[in-house]
Every structure is written in C-alpha cells, then in structure tokens.
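Structure record follows, encoded as structure tokens.
Bear in mind that the values in this text are calculations on the coordinates, not laboratory data. As the structure is a prediction and not an experimental result, all values here were calculated from the model. We place every Cβ from the backbone using ideal geometry, glycine too, and count neighbours over all the protein chains shown.
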C-alpha cells in the first residue's frame, strides 16, 4: 500500500491560510480549508506542534460556525 505523505511546509501553509480565513470570518472559505486539511492531516509525519496548532484552529473554527456546544476536545 502506497501512502502519499504531505510535507510539513504544505500543511503549515494550509493551516495559516485557514487561520486567515477564520479571522476574516469567511465561513465558506474556512470550511473549504478545513475539508482540505482534514483530508491531509493524517498523511503528515507526526509533529506535535502542527497537531496542537490544528486543534487550536479547529476550536476557532467551531467558534466561527457557532458549533462550540458540539466540540469534543
């Protein structure tokens, strides 16, 4: 089975773009970034800092979409 890995730089760039769309309150754009990141996040070499950053942004995204009550840490 051939699993394609995603570079840390690529996922970091996506996370930064996601953050920018969240703080700009672009819900549709944020949702699209989240879908793309969710499809790639498991293809990276494990990096605790990236996973923590993802968790923080995921919470900010939940705040943006008013889905805090369904957030499970």
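The C-alpha atoms of the chain define a longest principal axis, and helix 8-23 lies at about 10 degrees to it.
With each label modelled as a point 7 angstrom along the Cα→C-beta vector, the residue 7-residue 36 pair spans 1.6 nm. Evaluated over the Cα positions of the range 10-73, the convex hull gives a direction-averaged projected area, one quarter of its surface, of 4.1 nm². Estimated from helical segments only, the mean residue ellipticity of the chain at 222 nm is -21500 deg cm²/dmol, where each DSSP H run of four or more residues counts as -39500 (n - 2.57).
Please determine, in degrees from 0 to 90 and to the nearest 10, the orientation of helix 48-64 with respect to the longest principal axis defined by the Cα atoms of the chain, where the helix direction is its Cα long axis. Compared with the principal axis, the helix lies near 30 degrees. The long axis of helix 27-40 is offset from the longest Cα principal axis of the chain by roughly 20 degrees. Fully extending the segment from residue 43 to residue 17 would add 7.5 nm, taking 0.36 nm per residue of separation and subtracting the current Cα-Cα distance. Here the relative contact order of the chain, from alpha carbon pairs under 8 Å that lie six or more residues apart, stands at 38 percent.
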